Amino acid sequence: NAGVTQTPKFQVLKTGQSMTLQCAQDMNHEYMSWYRQDPGMGLRLIHYSVGAGITDQGEVPNGYNVSRSTTEDFPLRLLSAAPSQTSVYFCASSYSDSSGANVLTFGAGSRLTVL
Amino acid sequence: AQSVAQPEDQVNVAEGNPLTVKCTYSVSGNPYLFWYVQYPNRGLQFLLKYITGDNLVKGSYGFEAEFNKSQTSFHLKKPSALVSDSALYFCAVRDKSSGSARQLTFGSGTQLTVLP
């Protein structure tokens, strides 16, 4: 049982380049989300999805795109990388249980540096 | 709007002593509250959650948290700290009235260091 798998683990980009962070889960979870983690700021929600074909913006969506063509995959695209996007990115998935309190399962993270 | 505050960036405690990591929250309705732990170079792992009912919630690895509605707090506690508890701890909240699609809001994190 792999859980949530993120690739790549590390990436260095130059300003203006584009790239995609991959996220896949094998738990058949309906909800998936992307967070960025910056020192002293905790985790901030970038985009999330409540099911295949449905996505919505979180707290800090600018400069990022997402799509959800399948239940398993939720890639995050950086359109034109900027130094302010240097961060650690986490993908998470969850399902809605009877309590309504979804527990997130996180990937191991992707560390991105933009020069 | 929902928000979480973790007032301490760093907490140091001696091994064997009790530990407390503080969290306060703000929601317009009633909260779901969570604690997650992050070990170095790893993703976050779920520790425990408060849904309703008993104010004392027990979780993984001997941790527990006390929900206090009047003080809007959800402090994480452990009676006897271990060196292996050293990690970054995050409190998170979701307003129950927001619906299950609404994602969590996380605090800024508290670095716990347990000294041998």
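The values are calculated or read from the model by the stated rules, or taken from the named source; none is laboratory data. Bear in mind the structure is a predicted one, so any value in this text is a computation, not a measurement. Virtual Cβ from ideal backbone geometry, glycine too; neighbours counted across all protein chains shown. Calculation scope for accessible area: heavy atoms of the full protein, side chains included, ligands and nucleic acids excluded. Shrake-Rupley method; radii C 1.70, N 1.55, O 1.52, S 1.80 Å.
Observations, loosely collected:
- Estimated at 0.36 nm per residue, the fully extended path between A:MET41 and A:SER84 surpasses their Cα-Cα distance by 14.1 nm.
- Counts of other chain beta carbons within 10 angstrom of each beta carbon in peptide A:50-57 average 1.
- Remark: relative contact order (segment A:1-114) = 35 percent; criterion is Cα-Cα distance under 8 angstrom and separation of 6 or more residues.
- Test item: Cα-centred dipole of chain B, Lys/Arg +1 and Asp/Glu -1 on Cβ, debye: 340 debye
- Base-10 log of normalised Debye intensity for segment B:5-106 (one unit scatterer per alpha-carbon) at q = 0.10, 0.15, 0.18 Å⁻¹: -0.27, -0.60, -0.85
- To put it simply, the accessible area of chain A at a 1.4 Å probe is 50 percent carbon and sulfur.
- Partner chain coverage, peptide A:65-77 - average Cβ within 10 angstrom: 0
- Rg and Dmax [Cα atoms of segment B:18-68; Å; Rg one decimal, Dmax integer]: 12.0, 35
- Cα coordinate range in the protein assembly as shown, projected on the principal axes (Å, largest first): 49, 39, 34
- Exposure of B:CYS91 as accessible area (Å², to 10), given a probe of 1.4 Å and all protein chains: 0 Å²
- When a 1.4 Å probe is rolled over the protein heavy atoms, the share of accessible surface on segment B:1-101 that falls to carbon and sulfur comes to 49 percent.
- Residues in segment B:13-44 reached by a label modelled at B:LEU115 [backbone nitrogen below 18 Å; 7 Å Cα→Cβ]: B:13-21
- Over segment A:16-115: Rg over Rh, Cα atoms, Kirkwood Rh: 0.96
- Residue by residue along A:92-104, Cβ atoms of other protein chains within 10 Å of the local Cβ number 5 on average.
- Each peptide among B:54-60, A:93-99 gets the average number of other Cβ atoms lying within 10 Å of its residues, and from highest to lowest they stand as A:93-99, B:54-60.
- Ordering of B:77-89, A:38-50 by packing is A:38-50, B:77-89, highest average first (other Cβ atoms within 10 Å, averaged per residue).
- Here, segment A:1-56 yields an orientationally averaged convex hull projection of 5.3 nm² when only Cα atoms define the hull.
- In the structure shown, the pairs B:LYS69/B:LYS96; B:LYS49/B:LYS77; A:LYS9/B:LYS22 are assessed against 21 Å; a Cα-Cα span above that value is assigned to A:LYS9/B:LYS22.
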